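What follows is a set of notes on a single structure, which appears directly below.
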Amino acid sequence: TQDCNADVVWQVEKEGYLSDGDTIERNSQGYVPNYVKIQDGEDKRLKVGLQKKLYAVRFTSNPIDAKIEASVAGRNPEYDYGELTVSGYLGEEISWTVSKENYVTKTGKFTIAENKSPDPIVLELKKYLIEIVPSASGSASDIVVTIKEGDTVLKSGVGRQFVNVQKDTVLNYIVQKGSVIKTGSLTVTKDETVNVRLDIGVYSAKVFALN
């Protein structure tokens with residue numbers, strides 16, 4: 001309750017909305033700037049509508065040239081590389097995807113909150129499955145397979161062996177049964193199975209009867 005010619009300072013606030021406020025000057029003519037006219041002695045109720053506040057959310061990636069794609073509350077997705085800022089309302093959910101060739105794609109969700117953005121999204125290099133499968137013209141038992149990167153033995157054992165390694169890794173393999181050995185190398189570009197066959201001689205003996 002205010003007397004005539006008094007200033008009324010008011011403000012309406014709600015989390016997630018823009019606050020709205022102004023000074024209402026009740027002069028002798030009962031004029032309220034920008035809103036309504038108030039006659040002397042008249043009670044007046046002002047209806048105030050608040051506008052939802054937009055919050056900016058910043059996504060970043062490592063590596064810095066990864067593609068970032070984000071959709072706020074199912075709306076049309078936006079994308080950029082290395083950094084992306086999208087806007088939405090408090091409590092809305094952002095679905096995001098970060099991808100780059102030869103890296104493992106990551107996806108997730110982020111709920112919009114006051115002054116919060118997700119931590120940088122770090123991608124891991126993709127690994128490829130390399131499998132060495134031995135066989136032999138004779139007995140295939142006890143064939144030893146060794147897979148190496150440089151001088152480092154990554155895997156060694158009897159029968160088929162496999163490793164998971166990054167793209168462009170150079171692998172050497174040794175397939176051995178007794179004195180029979182085969183070696184080879186490859187540069188990893190994809191999942192790959194290498195079949196290695198050993199030529200193991202099978203010998204027979206003839207028996208003659210002596211008269």
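Points to keep in mind about this one:
- With respect to the stated conditions, Lys148 is modelled with pLDDT of 95 or more and either more than 30 Å from Asn102 (Cα to Cα) or part of a strand (DSSP E or B) (or both).
- Yes/no for Pro118 being in contact (Cβ under 8 Å) with a residue 60 or more places away in the chain, under 21 Å from Tyr55 (Cα atoms) and either assigned to a strand (DSSP E or B) or in contact with a strand residue (DSSP E or B) (Cβ under 9 Å, 6 or more places away or on another chain) (or both): yes
- Any chance Ile181 is among the aliphatic types (A, V, I, L, M) and either open to solvent by less than 70 Å² (accessible area, probe 1.4 Å) or touching a residue at least 40 places away in the same chain (Cβ under 8 Å) (or both): no
- Subset of the stretch 72-124 (residues that are of a type in the set (Val, Ile, Thr) and open to solvent by 40 Å² or more (accessible area, probe 1.4 Å)): Thr85, Thr97, Val104, Thr105, Thr107, Thr111, Val122
- Selection over the stretch 56-65 of residues that are surrounded by 20 or more Cβ atoms within 10 Å (Cβ to Cβ) and farther than 7 Å from Gly82 by Cβ gives a count of 2.
- Of the criteria (1) on the phi < 0 side of the Ramachandran plot; (2) under 21 Å from the mean Cα position of the chain (by Cα), which one Pro134 fails: (2)
- Among the residues of the stretch 163-178, those identified as within 30 Å of Lys126 (Cα to Cα) and either surrounded by 12 or more Cβ atoms within 10 Å (Cβ to Cβ) or modelled with pLDDT of 95 or more (or both) are Val163, Asn164, Val165, Gln166, Lys167, Thr169, Val170, Leu171, Asn172, Tyr173, Ile174, Val175.
- A single entry from Gly150, Gly138, Gly159 fulfils the requirement of being loosely packed, with under 12 Cβ neighbours inside 10 Å and more than 24 Å from Ile68 (Cα to Cα): Gly150.
The values are calculated or read from the model by the stated rules, or taken from the named source; none is laboratory data. Remember, it's a predicted structure, so these values are computed and weren't measured experimentally. Every residue, glycine as well, gets a Cβ built from its backbone with ideal geometry; the counts of neighbours run over all protein chains shown. Quick note on the areas: whole protein, heavy atoms, side chains included, nothing else; ligands and nucleic acids left out. Shrake-Rupley method; radii C 1.70, N 1.55, O 1.52, S 1.80 Å.
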